[in-house]
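Contents: one structure, followed by commentary.
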Amino acid sequence: MGKKLAKKLGDNYKYYYGAYYTKYNGYDIIIKYDYTSLLYNLTLNVKGNENIDKLNKMLSKKDEFMVAKYKNNLLTITEACDHSRDIPKLINNLLDDLTKYLKDNNYKNICKLCEKEEKTTLVSIDDNINYVCDKCVKNIEKKYAKELEDRRKIKENIPLGIIGSIIGCIPGLIMWFLLSYLMINPSVIALIIMFGSAYFYRYMAKSMKLPGLIISILIGFIFVLFANELTNAYSLYNEYINQYNINILDTYKAIPYYLQTNDIFRHTYNQNLLLSIMFFIFGSFTNIGIFRSYIATNKVKNLEVK
């Protein structure tokens, strides 16, 4: 739908991630449609007079509900649009008059980043797409290259990382036991355990490379399994404390016996274990995300043919 609509808008339009991009009469145009509010927003990075009363009067003649806002060199025009298929008609009825107004009132097209009147091209910077100048692109590429070089120079302190990962799991472990005490299934706390394992490993080790990823996931998994075992031991303790003189350690040792002889306990145990592992897997994406941030190269891609 997006690419088809871009063709209807005109040959010079490009469609990326829900937005339409073009250059029109020397101005960079970005159009986004909001399916929730049934509005489209047309934005331009321009420098000029902050008073846009004349512009709003002109727009109101086209559509009384069309509004322009101008702040920090960003001009945004909003208009109601019941369906995205109506955008080409509305936009083509607007652009000539809009760009003429901007030219007549000496509004200059500028780079999104440096806000200078420079020639711009459509560039994707880590999938954030906008019109920027060549100088800004080169500065960003230099910055990313330096960041990557700095990350590679950082030595991963694995022993401190292990300590940090263990410390990071403890708050989640406490919350797990608290929910168990309140008779609430605590499996979702596996997310917090993995979060603590990942972030405290990175904090203590100063980075997270492949060894750190494996270690932090393994430590988090051990804590999740340990917490699940103690939860089941606590359940047995509550059930049999009035019948036997036992403690938590006794019921923990008895878990294998009840898994073999008690169908209800075995079903509950397996269900809790499955939920805990499921949330552990979801939580491990935190570890993977941190790991990727240390190995990933930032991407700068020109989307126009020069």
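The values are calculated or read from the model by the stated rules, or taken from the named source; none is laboratory data. All of these numbers come straight from a predicted model, not from anything done at the bench. Glycine also receives a Cβ, built like all others from the backbone with ideal geometry; neighbour counts cover every protein chain displayed. When the accessible area is computed, the model is the full protein with side chains, heavy atoms only, and any ligands, DNA or RNA have been set aside. Shrake-Rupley method; radii C 1.70, N 1.55, O 1.52, S 1.80 Å.
Considering only residues that are within 14 Å of LEU75 (Cα to Cα) and without any contact (Cβ under 8 Å) to a residue 24 or more places away in the chain, look in the range 10-58 and name the one that is surrounded by the most Cβ atoms within 10 Å (Cβ to Cβ).
Step by step, filter the range 10-58, then rank; the result is ILE52.
Quick one: would you say TYR201 is among the aromatic types (Phe, Trp, Tyr), surrounded by 14 or more Cβ atoms within 10 Å (Cβ to Cβ) and over 28 Å from the mean Cα position of the chain (by Cα)?
no
In the range 139-150, is there at least one residue being at negative phi and outside any helix (DSSP H, G or I)?
Looking for residues that are at negative phi and outside any helix (DSSP H, G or I), one finds none in the range 139-150, hence no.
What is the number of the single condition among (1) outside any helix (DSSP H, G or I); (2) open to solvent by less than 70 Å² (accessible area, probe 1.4 Å); (3) out of contact with any Leu (no Cβ under 7 Å at 6 or more places or on another chain) that VAL123 does not meet?
If we test VAL123 against (1) outside any helix (DSSP H, G or I); (2) open to solvent by less than 70 Å² (accessible area, probe 1.4 Å); (3) out of contact with any Leu (no Cβ under 7 Å at 6 or more places or on another chain), just (3) comes out false.
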